[in-house]
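As structure tokens, the structure follows; a few thoughts come after it.
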Amino acid sequence: MSVKTEGFINGRFITIIDSDCRKEDEQVKAQPQPLTETSVREKYAYDMYCMVEHFNSLLKGNSLAAGFLPLTEVSVFSRIYEGVLLCALANLLKPNFVDEKSVVVKEELLDNSADGELRKMENRNIGITALRTLGVYMDSETAEWIKMDTPFEMTGLLVQVLRLATVGRMHFQNFEILVHLFDGWSEPEEAISILATEREQMLIIWLNAQISAAGMKVTAFDDNLADSKAYSTLLWTVAPEAQRASLTSTEDVMKETDLTKRAELVIANAEKLGISGILRPEHITEIGKKAISDPKGLHNIIINMAFVYRIFVAYPNINAPKMKDKPAAGPKTSAAPTHEQRIQESCKYGASEETLIRWLNSFGPSSPVVSLRTDLCNGRVLLEVWDAMIPDPCLGSKSNCSSL
């Protein structure tokens, strides 16, 4: 099975990685070992640690997660198995999507007894159904592999949710201020193209808007970021004037010849701006060294994207145009909508469309559908849904989809 991974990360690709993990887990299943911090780091180094730190931050205020935060790189697997974390992650992607009353959260009711195991399975079924609806790709076989004797099978699910909860939110519907990154357009076709911008590309557009004054531009999350210059410039640019005095300037960062020490300075700057514990120096210096088809390469890119997203949320640094002074009172006239208002209006959808959006997402498209007006423009999702509904190689839609 060949999968196009350039420019985006999709659920089906995660499934391929899961199949590799299954071979390893099957080998150790006969002699299961207790999960420890050491065994997790032997498998993932600090990747899982950083992903869990992201989730600890994102799940603050989530009532379903209140009983087990903070998660650790070990406890995250047992919490998925219990099912409560799955439901909490669904409510992270869409608040109140899972009815909290339907989830068993009390520790004493989730023991290892037969009744306890049944409650865990019921929790998992609720969480899995909700996550599938919200765009997390998980086939029936994957769902069956959520077992504590094969814990690393759950990693693909965590990677997908982290992407959806961070980069997946880079859309006008979640952040209307993103409209102001685009100017100079006038034709409706241009507006449609803007609305169809992939989430990852939107993050890159914002990153370039911050570092362009320094004569820099990035095209992807690849090895061009490994020298820390783009990240250092980004943090310096978005930092409030009052806080810059405590930061190491980009010039001083680049004076350091050791790339690892440069990355450490970048991370120290991020921590001073309140963005801490979510990136390690090696995640910066090794970005792009492994292909996205390699689990390490995939995790590295996701963690870097989530890092930049967290900077965006904390310090968007997008200047919205100032409103003109209102004219003196006079006869009321209906002003023509601005370009920004047209985009914002196009991003809205009514409750009547929500059922259709959930139905489309249940097929696990590579880019989850948020709005029918913006996410179906390039035809990729429709082709993928068609493939899922009528799997027939003679139709040729897979080849057409890969060329988009």
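Structure data summary
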| read-out | value |
| --- | --- |
| Single residue of Leu58, Leu110 found to be at pLDDT below 90, surrounded by 14 or more Cβ atoms within 10 Å (Cβ to Cβ) and aliphatic (A, V, I, L, M) | Leu110 |
| Filtered residues of the stretch 232-284 (kept if buried (at least 21 other Cβ atoms within 10 Å of the Cβ), in contact (Cβ under 8 Å) with a residue 24 or more places away in the chain and of a type in the set (S, T, N, Q)) | Ser232, Thr250, Asn269 |
| Every pair of residues 6+ apart whose Cβ atoms lie under 7 Å, when the first sits in the stretch 285-310 and is on the phi < 0 side of the Ramachandran plot while the second is crowded, with 23+ Cβ neighbours inside 10 Å and hydroxyl-bearing (Ser, Thr, Tyr) | Met305/Thr166; Ala306/Thr166; Tyr309/Thr166 |
| Residues that are small (Gly, Ala, Ser), at negative phi, part of a loop (DSSP other than H, G, I, E, B) and over 26 Å from the mean Cα position of the chain (by Cα), drawn from the stretch 202-251 | Ala245, Ser246, Ser249 |
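The values are calculated or read from the model by the stated rules, or taken from the named source; none is laboratory data. In this text the structure is predicted, and so the values were computed from the model without any measurement. A quick note on method: Cβ atoms are made from the backbone with ideal geometry, for glycine too, and the neighbour counts reach across all protein chains shown.
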